[in-house]
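The values are calculated or read from the model by the stated rules, or taken from the named source; none is laboratory data. In this text, all values refer to a predicted model and were calculated from it rather than measured experimentally. Cβ placement follows ideal geometry from the backbone for every residue including glycine, while neighbour counts extend to all protein chains displayed.
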Amino acid sequence: MRLLDYLFGFVALLGLVCTGWWAVYQSANTPVNLQARLQANANAALTEQGFDWAGVRMHGQRAELTGKAPSIDAIDAAAETVLTSSGAGGVLLGGVTMVQSGVGTAPPVSPYVWRAIKTHSGDYILIGHVPSRTIRADLMGEAASHAGDAAVEDRMQLANGAPAANWQGMARLALERLAELDSGEVRLQDKTVRLRGISMDTATRARISADVANVTAPFRGEPFLRGPALWSAVHGEGELVLSGKVATEAERAEILAIARQYYARTVRDEMQVAGDPHPGWLEGVRVGLPHFAHFQSGEMAFDPEETGLSFEGEASGSTIAYLQQDLATVSGPYPVTVFTDTVQVDVDEIRGIDFDADPVAACQSAFDAVMETNKVNFETGLANITRESGQTLDKVMTVSQRCASDLVFEVSGHTDATGAREANIALSEARARAVRDYMVSAGFSPSRLTVIGYGPDEAVQSNDTEDGRAKNRRIGFKVRERSE
């Protein structure tokens, strides 16, 4: 009997050991497995809810939220998502018991741009940066109240950097004025409100233009509203659409030939030969349409009664600059208006650079990569930038806007060793200043730019060969923190 008791005791002890082993290493609610399960659930919930900036590390049932948040309320919303990611939970039921924040703040976005588009069909598209999820929902509700049965599409993203003034109130006001137009777009960039669009009613155009032009400081309003156009060119989905009336078949053929020469994709001709001639208007088309063909979006229109020839939409900085320069030579009888927004171009050379990891090093690497394979060219012996440099300047502007807002740049000019050193230093400084002036004209802050001319003193190749001298004639950028 005693032997049997020992046997039962041994079996019971073995069962207890096995149960303990299973409880520690196999049960879903053991500390080891529970922690892993909670962490997986929390990170999956963050991804599903669009918190791609956030991550979770579990310490038992206590969660630590990490990442760089675009706004304060985004932190609160992410924390709530983590807290409920494994159900109500709690200590006994195996859920998340507490969320502690180890979240930092994402760098402010500059420029801070929000846009709203009202299409010809009455649909609304909201794009760009918003300060919080609450404001995002408010603007969606405002747009929906104006859209009626039409669609409202949300392409907005949370981001730090909104002006300290009443940004939300200004965005709502902009939406209200946009709703009164037949179609159009409003852009709120930092403290500037730009409204463009079409209204068939002259009095409505005048009233809305006055409202936008007189918005409350520190905001500044820039309206451009017009009625129906006699002739227009519009960037569509992969095509350039020419429509409206022209006076003769010769005008129609010439416009179509210009469009096909400069626009790389499909040109759709919907023009009609009808109406009265308008002497002098075609000069503006000859000058402006080649540039407009390179816009990313927008409309070029001719309205002989009110606004004359107008250019609206988005294009690279060099495209807009060269358009304005050439239009200044047009001496026709009609006014010319350029109401455009500058957009960044794609820069293959900087793909893969993480601008947040080490802001100074990343920014310097980006400038070096662009300038290694691209050049800013000048007229021989002068500081006049040639137009073949437009693509390089557009890439420079994209890099400068991707870099952290607290960084400053030295624009440096370099020459070869041909000629007197003093003259070369003066020329190199003038050329660096020309690049700086272009960047400022394209909207970059002058307080972040300095200029220096090194002349032939920092050669990268021998001056004994033409190829070496060509490489020594260059523009460079040095990146520094503002306090340096």
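Couple of notes before you dig in:
- Residue in the stretch 409-419 that is modelled with pLDDT under 95 and part of a helix (DSSP H, G or I) present: no
- Residue in the stretch 423-432 that is of a type in the set (Ser, Thr, Tyr), assigned by TED's automatic domain parsing to the domain that holds VAL396 and closer than 16 Å to VAL399 by Cα present: no
- Scanning the stretch 46-59 for residues that are more than 28 Å from the chain's Cα centre (by Cα) and surrounded by fewer than 19 Cβ atoms within 10 Å (Cβ to Cβ) yields ARG57, HIS59.
- Among the residues examined, VAL96 does not qualify as in a strand (DSSP E or B), in contact with a strand residue (DSSP E or B) (Cβ under 6 Å, 6 or more places away or on another chain), touching a residue at least 12 places away in the same chain (Cβ under 8 Å) and farther than 30 Å from ALA442 by Cβ.
- Residue-level check: of (1) more than 17 Å from SER232 (Cβ to Cβ); (2) buried (at least 22 other Cβ atoms within 10 Å of the Cβ); (3) not acidic (Asp, Glu), VAL285 misses just (1).
- Contact map, the stretch 391-404: first residue assigned by TED's automatic domain parsing to the domain that holds SER445 and more than 15 Å from VAL435 (Cβ to Cβ), second residue part of a helix (DSSP H, G or I) and not β-branched (Val, Ile, Thr), Cβ cut-off under 8 Å, separation 6 or more or different chains; pairs are ARG402/CYS363; ARG402/ALA366; CYS403/PRO359; CYS403/ALA362; CYS403/CYS363; CYS403/ALA366; ALA404/PRO359; ALA404/CYS363.
- So ARG155, is it without any contact (Cβ under 8 Å) to a residue 40 or more places away in the chain and over 20 Å from the mean Cα position of the chain (by Cα): no
- The stretch 60-87, residues that are in a helix (DSSP H, G or I) and either among the small types (Gly, Ala, Ser) or more than 33 Å from the chain's Cα centre (by Cα) (or both): ALA74, ALA77, ALA78, ALA79, LEU83
- Top-ranked residue of the stretch 99-121 - restricted to ones that are among the aliphatic types (A, V, I, L, M) and part of a strand (DSSP E or B), ranked as farthest from ARG194 (Cα to Cα): VAL99
- THR450 fulfils the conditions (1) surrounded by 19 or more Cβ atoms within 10 Å (Cβ to Cβ); (2) in a strand (DSSP E or B) except for a single criterion, (1).
- Evaluated against (1) without any contact (Cβ under 8 Å) to a residue 24 or more places away in the chain; (2) of a type in the set (S, T, N, Q); (3) part of a strand (DSSP E or B), SER243 falls short on exactly one condition, (1).
- Filter result for the condition that a residue is among the hydrophobic types (A, V, I, L, M, F, W, C) and surrounded by fewer than 16 Cβ atoms within 10 Å (Cβ to Cβ), over ALA328, ALA315, ALA293: ALA328
- Residue within the stretch 210-220 that is outside the structural domain of GLN401 (by TED's automatic domain parsing), in a strand (DSSP E or B) and either modelled with pLDDT under 95 or surrounded by fewer than 20 Cβ atoms within 10 Å (Cβ to Cβ) (or both) present: yes
- Residues satisfying the stated conditions in the stretch 388-436, i.e. within 22 Å of GLU466 (Cα to Cα), among the hydrophobic types (A, V, I, L, M, F, W, C) and surrounded by fewer than 20 Cβ atoms within 10 Å (Cβ to Cβ): ALA417, ALA420, ALA423, ILE425, ALA426
- Among the residues of the stretch 331-351, those that are surrounded by fewer than 16 Cβ atoms within 10 Å (Cβ to Cβ), assigned to a loop (DSSP other than H, G, I, E, B) and either among the basic types (Lys, Arg) or more than 15 Å from the chain's Cα centre (by Cα) (or both) comprise SER331, PRO333, PRO335, ARG351.
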